[in-house]
Each structure stands twice: as structure tokens, then as C-alpha cells.
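Participant: I have a structure I would like to understand better, so I am pasting it below and will then ask my questions one at a time.
Nothing in this text is a laboratory measurement; each read-out follows from the coordinates by a stated rule. The model shown is predicted, which means the values in this text are computed figures rather than measured ones. Note that each Cβ is placed from the backbone with ideal geometry, even for glycine, and that neighbours are counted across all protein chains shown.
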Amino acid sequence: MEGYRFIPVLLVSLFLSGEISGQTCCSGGVPLSSNLGLPPEEVNTLQINLNYDLNVLNTLKTGMQKLDDNSRTRRTHAALFQTGYSLSSRLSIDALFSWVRQERSIQQFGNVDFTATNGVGDAVFLFKYKLLSSFQNQTVVTGALGIKAPLGPSDLRREDGLSINADLQPGSGAWDGIAWAQVVHMLKFRPGMSLNGTAVYGFKGKNNTYLGSQTYQFGNELQLIAGIADRLLIGKILIDPSLNLRFRQVNSDRFNGQDVPGTGGSWVFLSPGLSYWFSPRSAFNARVEVPVYSNISGTQVTPTYRIAAGIFTKINLVKKSHPASDFQVK
């Protein structure tokens with residue numbers, strides 16, 4: 001009789017393989033890790049960043065090959081609230097909270113199967129320590145450790161009562177560990193220009209209550225981001241143009257200890273951005289992101305483009321003696 005216990009698990013595994021393949025369990029999702037890390041700031045400074053992030057996935061690929069198939073689409077809408085506080089000249093804390101709407105559409109034989117979920121997403125708490133700060137902060141190296149707390153629901157169902165896949169849930173249902181590092185270097189020949197590099201690694205935990213009593217684990221994730229930013233004064237308009245290159249590598253997800261087909265892969269994204277400072281301490285930010293390379297596991301719907309926009313502000317809770325430093329390069 002023990003052999004019959006494996007039949008439900010096998011059926012669920014086959015169901016997941018068919019549903020997740022082409023549905024991007026890894027190439028979509030909530031953009032938490034790529035938004036981590038506020039810029040280095042002075043002690044007793046509170047930073048607040050509110051963003052809307054839209055990730056559109058209309059491209060179906062197998063490995064590196066694009067398929068002529070537009071029957072499957074995905075969209076992730078995320079409202080991201082990020083705040084950070086500098087406790088000392090070296091120690092700071094960041095927190096990132098999210099609200100998420102996930103959408104999936106499948107067109108088959110003239111019919112459209114549309115699934116959507118809404119809700120509070122997971123949250124990230126990052127504890128940062130400034131490892132190196134050269135004269136006048138020309139070069140700043142920061143390291144951090146953090147956790148992702150599973151605040152969002154991971155067991156939502158469709159209106160007809162059917163279960164919804166893990167990649168469409170607002171939350172992951174698991175605690176994750178995060179390692180983060182960043183270097184920012186201001187160029188001597190042009191103080192308004194800076195180079196930056198960021199590395200993020202996510203150690204994914206297990207959701208042990210997936211589908212009631214199953215175990216689901218998203219694949220560990222590595223991201224490497226390199227960029228350049230400048231500061232330009234055009235008349236009375238102050239803007240910060242930037243250009244980033246982001247590499248993302250994700251391992252396959254695991255369901256009950258087995259790799260999930262059609263999950264995981266590697267991507268490279270190009271992301272130009274612009275910040276407009278409408279006051280000395282507040283700016284409007286906007287950026288777009290497009291994939292320039294992707295090599296994915298199996299068949300998946302992969303990102304077509306991504307748009308993000310929001311407001312950033314910083315508040316010094318202790319009166320400064322040199323207000324002119326408000327326009328340092330970040």
C-alpha cells in the first residue's frame with residue numbers, strides 16, 4: 001500500500017511540470033533583490049524610496065531560441081516601499097516592503113485562461129556595514145547581510161477553487177538569507193560621475209506548506225550589477241543619468257526535493273535611467289530595462305521589458321552645518 005502514497009505526489013509533479021514550463025517560475029516574480037541597497041549616506045539620515053515596478057513577459061523561449069508563440073503572457077505589478085537609516089558613519093539598516101499583483105494569460109483554441117493574484121508581498125531587511133571609505137568618500141565599499149521575511153500569502157486559490165502555482169503567489173512562504181555587497185567610486189577627473197558595482201546572492205528557503213503539505217523551494221539567485229552615473233546641471237535643472245548592466249543567474253526550483261522542469265537560467269539586462277532633482281533632497285526616478293541575453297532552462301516565458309518609476313527623498317534628522325553637501329553624488 002505504501003506505493004500508492006506516491007501517486008498523488010507524482011500527479012502533482014506532472015501537473016506542475018506542465019504548468020510551470022512556459023510560465024516563468026524564475027524569470028518573472030517580485031523584483032525584490034534587484035531593488036536592494038540605498039546609496040551611502042551620512043549618519044542620522046533617513047532615506048525613503050517609493051517605486052512602481054512593471055515587469056512584462058511576452059517572449060517565449062527554449063534555451064536561447066525565441067519561439068514564434070504569443071499565446072502566453074505574464075505581468076508583475078509591484079509597489080515597492082524602501083526605507084533606510086544610517087545609525088552611524090558605518091552602520092545602516094534598509095527595509096523593503098512590497099504590494100504585488102501577478103497576472104498570467106494563456107490563449108488556447110480561441111479561449112483565454114486568465115489568472116491574477118493580489119496582496120502584500122514579502123519584505124526584506126538588510127543590515128549594512130561600511131567596510132571602506134576613502135578620503136571624502138571617493139571610494140565606498142559596503143557589505144551587508146539580510147533576510148527576506150514571508151509576509152505575503154503563498155496559498156491563494158482561483159475563484160473556481162483550483163490551486164495557483166508558486167510563481168504566481170504574492171509571497172514565497174519561505175524565509176531567505178541574503179548576502180549583499182556594493183562599491184561606489186567617484187572619478188577624480190569628474191567629481192559628478194561615479195562607477196558602481198553590486199553583488200547580491202539569495203539563499204532560498206523552503207515553503208513546507210505548499211499545496212497543503214508539499215515542499216517548494218525557489219532556486220538560489222546570483223545578481224551582479226555594474227553601472228555608471230553622472231550629474232548634469234542644465235540651466236536650473238539638475239539630473240542624474242545612469243546606465244546599468246545586470247547579470248542574473250537562477251538555479252532550478254525544487255518541488256519535494258526534485259528539480260522543477262522549465263525553471264532557472266541566466267539573463268543579462270541593460271537598464272538606462274534618469275533622476276530629476278526637483279528639490280535639494282528629493283528626486284523623481286525612472287528607468288527601463290531590456291534583456292540583451294538569456295539562456296534559460298527548458299521552455300519559459302521570459303522578460304520582454306521592465307519599467308520602474310518613483311520618488312526618492314532623504315531627511316537628515318540632525319541639523320547639518322554644511323547644507324551645500326546635499327548634492328553629493330550617490
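Participant: I'd like to check something: does region 246-256 contain any residue that is of a type outside the set (A, V, I, L, M, F, W, C) and free of Cβ contacts under 8 Å to residues at least 24 places away in the same chain?
Facilitator: no
Participant: Here's something else I'd like to know. How about region 145-165: which of its residues are in contact with a Ser or Thr (Cβ under 9 Å, 6 or more places away or on another chain) and in a strand (DSSP E or B)?
Facilitator: Matches in region 145-165: 148, 157.
Participant: Further question: Across region 201-226, which residue is nearest to residue 150 (Cα to Cα) among those that are touching a Leu at 6+ places or on another chain (Cβ under 8 Å) and among the hydrophobic types (A, V, I, L, M, F, W, C)?
Facilitator: Out of the qualifying residues, it is 225.
Participant: If I filter region 133-140 for residues that are over 21 Å from residue 85 (Cβ atoms), touching a residue at least 24 places away in the same chain (Cβ under 8 Å), of a type in the set (A, V, I, L, M, F, W, C) and surrounded by fewer than 17 Cβ atoms within 10 Å (Cβ to Cβ), do I get at least one hit?
Facilitator: No, the conditions are met nowhere in region 133-140.
Participant: Still on this model: Name the residue that is nearest to residue 314 (Cα to Cα), counting only residues in region 39-80 that are in a strand (DSSP E or B) and among the small types (Gly, Ala, Ser).
Facilitator: Looking at the filtered set, the residue picked out is 79.
Participant: For region 169-261, please list each of the strands (runs of 3 or more DSSP E) lying entirely inside it that holds at least 1 residues being surrounded by fewer than 20 Cβ atoms within 10 Å (Cβ to Cβ), within 17 Å of the chain's Cα centre (by Cα) and at negative phi.
Facilitator: Values: elements: 176-186, 194-203, 207-210, 214-217, 221-229, 232-234, 237-250.
Output list reads 176-186, 194-203, 221-229, 237-250.
Participant: Could you list all residues from region 46-98 that are farther than 21 Å from residue 167 by Cα, surrounded by 18 or more Cβ atoms within 10 Å (Cβ to Cβ) and of a type in the set (D, E, K, R)?
Facilitator: Of everything in region 46-98, just one residue is farther than 21 Å from residue 167 by Cα, surrounded by 18 or more Cβ atoms within 10 Å (Cβ to Cβ) and of a type in the set (D, E, K, R), namely 94.
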